[in-house]
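Novice: Just dropping this structure here.
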Amino acid sequence: MSIPIRITHPAVALATAFLTAILVGTALLMLPAAHADGHGAPVIVALFTATSAVCVTGLVVVDTGTYWSGLGQGVILALFQLGGFGIMTLATLLGLLVNRQIRLRSRLMLQAETHSVALGDVRSVAKLVLGVTLVVESLVALVLALRFAAAYDMGWAKAGWHGLFHAVSAFNNAGFSTWGDSVMRFVGDAWVLGPLMLAIIVGGLGFPVLHELVVRRGQRGDMTSIHTTLTLWGSAALVVGGTVALLWAEAGNARTLGPLDGPTKALAALFSSVSARTAGFNAIDIGALSVESLNLHYLLMFIGGGSAGTAGGVKVTTFFVLLLIVWNEIRGHQDVEFRARRIASSTQRQALTILVLSAGTVVLATLALVPLTPHPFEKVLFEVISAFATVGLSTGITAELPPAGQMILVALMFTGRVGIVTLAAAIATHHGRRAYRYPEEKPIVG
């Protein structure tokens, strides 16, 4: 006799899964064996680190390579692997399970998680996620290990561990590093920064895009979905635009790109542009950036990467759907059109809702954090956006914040990672048609 399993709401289940992983990770990191000196870590340090790892953020209050033992670093690696891969896969499969229970009413839940991946494709998506994860992480880890061993006089065991840790961290857009300066010591080494960028980009595109490009390409012919098109072209535009802007703003800055030669400047700017959108690694000193570059980072971090992947932010498609709304409104079009297709009004409302709530969260958190620290406003705002967008870049003030300020960042990381997904799920599963419509009225706007 089988006992039916009752699932309340996919958003609640997803948030519970994240919270459970964070609490388990906190408990493990508090073990004396996880600390380099054999002493248990304080609760706030363990909680902050576990949240940052599970939410694939990368903000830290202690140095990962020296504070934690090998066991502690292994726990952190497992946590951001789980956060970037396991829980997102669970979200997709959970969407399918709920769809079987409440049928068409939750169809948009799965679409909110996978964006244009059909119900019958979920199994192949899960296989693709596992396959791409193993292949990309293994190849990048191998290249990094060989480079570390050959060029930096590391033993094979040490080079292999550093290579594996950074490969998994990069693919999951986690931003954790075993070095206190992140990857600044490799600022001119394309054999290190190049593989890291590849892993960041592949993991940040989102699994639905990878599924369409790898599995469904032959079935669809030359016509890609709007989601894939916006993600690919939008990501490329942000990377190129960010690189050019950073070169312009930082080329003369003696504390960042100024002392570097031309090719190294270009490599560092490209890496910074790629990493700024979600990964959290830094090849130059973030605390020394000019005001113009900080403003650029606000935008890149807030937008983030692709949907249903390891990236954070409000997502590329959300941002560019809103731009399409503005463009079509300026042109006087009744519908929002792109590539001979109409974008559904429900999608437009979801994008607007995500943007408004995300911006509101950033504003409220900044107002709450500013009185708690003597640091300038622009650095506090940078920290808030980095936490909420699960980026992990910092101007260097994270560890200097009081416990109350660090708890605000913990809440932001959890909200940024779980909140957007659960919001999309909640909107989708409650989207239904009424049997009536109210009379229309047009308030004056503008």
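The values are calculated or read from the model by the stated rules, or taken from the named source; none is laboratory data. As the structure is a prediction and not an experimental result, all values here were calculated from the model. All Cβ positions, glycine included, derive from the backbone under ideal geometry; neighbour counts span all protein chains shown.
Novice: Being without any contact (Cβ under 8 Å) to a residue 60 or more places away in the chain, more than 13 Å from Gly419 (Cβ to Cβ) and touching a Pro at 6+ places or on another chain (Cβ under 7 Å), is that true of even one residue in segment 349-370?
Specialist: No, the conditions are met nowhere in segment 349-370.
Novice: Taking the conditions exactly as written (at pLDDT below 95, aliphatic (A, V, I, L, M) and under 25 Å from His211 (Cβ atoms)), does Val129 satisfy them or not?
Specialist: yes
Novice: Still on this model: Confirm whether Ala387 is under 21 Å from Asp63 (Cα atoms), at pLDDT 95 or above and surrounded by fewer than 16 Cβ atoms within 10 Å (Cβ to Cβ).
Specialist: No: the conditions fail for Ala387.
Novice: Which one is farthest from Gly305 (Cα to Cα), of the residues in segment 149-169 that are surrounded by 15 or more Cβ atoms within 10 Å (Cβ to Cβ) and among the aliphatic types (A, V, I, L, M)?
Specialist: Step one: of segment 149-169, the residues surrounded by 15 or more Cβ atoms within 10 Å (Cβ to Cβ) are 149, 154, 158-169.
In the following step, the residues that additionally are among the aliphatic types (A, V, I, L, M) were identified as 149, 154, 159, 164, 167-168.
Working: Ala149: 32, Met154: 34, Ala159: 29, Leu164: 23, Ala167: 18, Val168: 17 Å.
Taking the candidates together, the pick is Met154.
Novice: Those residues that are of a type in the set (S, T, N, Q) and crowded, with 24+ Cβ neighbours inside 10 Å, I need them from segment 170-202; list them, please.
Specialist: Asn172, Asn173, Ser177, Ser182
Novice: If I ask for residues that are among the hydroxyl-bearing types (Ser, Thr, Tyr) and over 12 Å from Phe271 (Cβ atoms), which ones from segment 156-201 would you list?
Specialist: Selection gives Ser169, Ser177, Thr178.
Novice: Considering segment 306-357 alone, what residues qualify as being part of a loop (DSSP other than H, G, I, E, B) and under 24 Å from the mean Cα position of the chain (by Cα)?
Specialist: Within segment 306-357, Gly306, Ser307, Ala308, Gly309, Thr310, Ala311, Gly312, Gly313, Val314, Lys315 meet the criteria.
Novice: Continuing with this model, one more query. Inside segment 167-187, can you point out the residues that are in contact (Cβ under 8 Å) with a residue 60 or more places away in the chain, in a helix (DSSP H, G or I) and closer than 16 Å to Gly84 by Cβ?
Specialist: Val168, Ser169, Ala170, Phe171
Novice: Now for a different question. Yes or no: segment 365-373 includes at least one residue that is buried (at least 17 other Cβ atoms within 10 Å of the Cβ), under 17 Å from the mean Cα position of the chain (by Cα) and among the hydroxyl-bearing types (Ser, Thr, Tyr).
Specialist: no
Novice: Suppose we keep only residues that are in a helix (DSSP H, G or I) and out of contact with any Ser or Thr (no Cβ under 6 Å at 6 or more places or on another chain) within segment 273-293. Which one would you say is surrounded by the most Cβ atoms within 10 Å (Cβ to Cβ)? Write out each step before concluding.
Specialist: Residues of segment 273-293 in a helix (DSSP H, G or I): 273-276, 286-288, 291-293.
In the following step, the residues that additionally are out of contact with any Ser or Thr (no Cβ under 6 Å at 6 or more places or on another chain) were identified as 274-276, 291-293.
Values: Val274: 26, Ser275: 32, Ala276: 29, Val291: 9, Glu292: 14, Ser293: 24.
Checked segment 273-293; the qualifying residue surrounded by the most Cβ atoms within 10 Å (Cβ to Cβ) is Ser275.
Novice: Looking only at segment 361-379, which residues are more than 15 Å from Phe302 (Cα to Cα) and either of a type in the set (Ser, Thr, Tyr) or touching a strand residue (DSSP E or B) at 6+ places or on another chain (Cβ under 8 Å) (or both)?
Specialist: Thr373 - this is the single residue of segment 361-379 that is more than 15 Å from Phe302 (Cα to Cα) and either of a type in the set (Ser, Thr, Tyr) or touching a strand residue (DSSP E or B) at 6+ places or on another chain (Cβ under 8 Å) (or both).
Novice: Of the residues Ala27, Ala34, only one is under 25 Å from the mean Cα position of the chain (by Cα), modelled with pLDDT of 95 or more and more than 21 Å from Ser386 (Cα to Cα); which?
Specialist: Result of the check over Ala27, Ala34: Ala27.
Novice: Follow-up question, since we're still on this one. Answer with yes or no whether Thr20 is of a type in the set (Ser, Thr, Tyr), surrounded by 19 or more Cβ atoms within 10 Å (Cβ to Cβ) and at pLDDT 90 or above.
Specialist: Taking the combined requirement at face value, the residue does not satisfy it.
Novice: Okay, next question. Using beta carbons and a limit of 9 Å, which pairs, at least six apart or on different chains, have the first residue in segment 28-48 and free of Cβ contacts under 8 Å to residues at least 40 places away in the same chain and the second one loosely packed, with under 14 Cβ neighbours inside 10 Å and of a type in the set (S, T, N, Q)?
Specialist: Every condition considered, the pairs that remain are Ala36/Thr66.
Novice: Looking at (1) over 19 Å from the mean Cα position of the chain (by Cα); (2) at pLDDT 65 or above, which one does Thr57 not meet, given that it meets all the others?
Specialist: (1)
Novice: Now, a different point. Specify which of the listed residues (Leu128, Leu146, Leu139, Leu164) is touching a His at 6+ places or on another chain (Cβ under 7 Å), among the aliphatic types (A, V, I, L, M) and either under 24 Å from Thr390 (Cβ atoms) or in a helix (DSSP H, G or I) (or both).
Specialist: Answer to the check: Leu128.
Novice: While we're on this one: Check Leu270, Leu296 and return the single one that is in a helix (DSSP H, G or I), closer than 29 Å to Leu352 by Cβ and aliphatic (A, V, I, L, M).
Specialist: Details: Leu270 fails: closer than 29 Å to Leu352 by Cβ.
Going through Leu270, Leu296 in turn, the sole match is Leu296.
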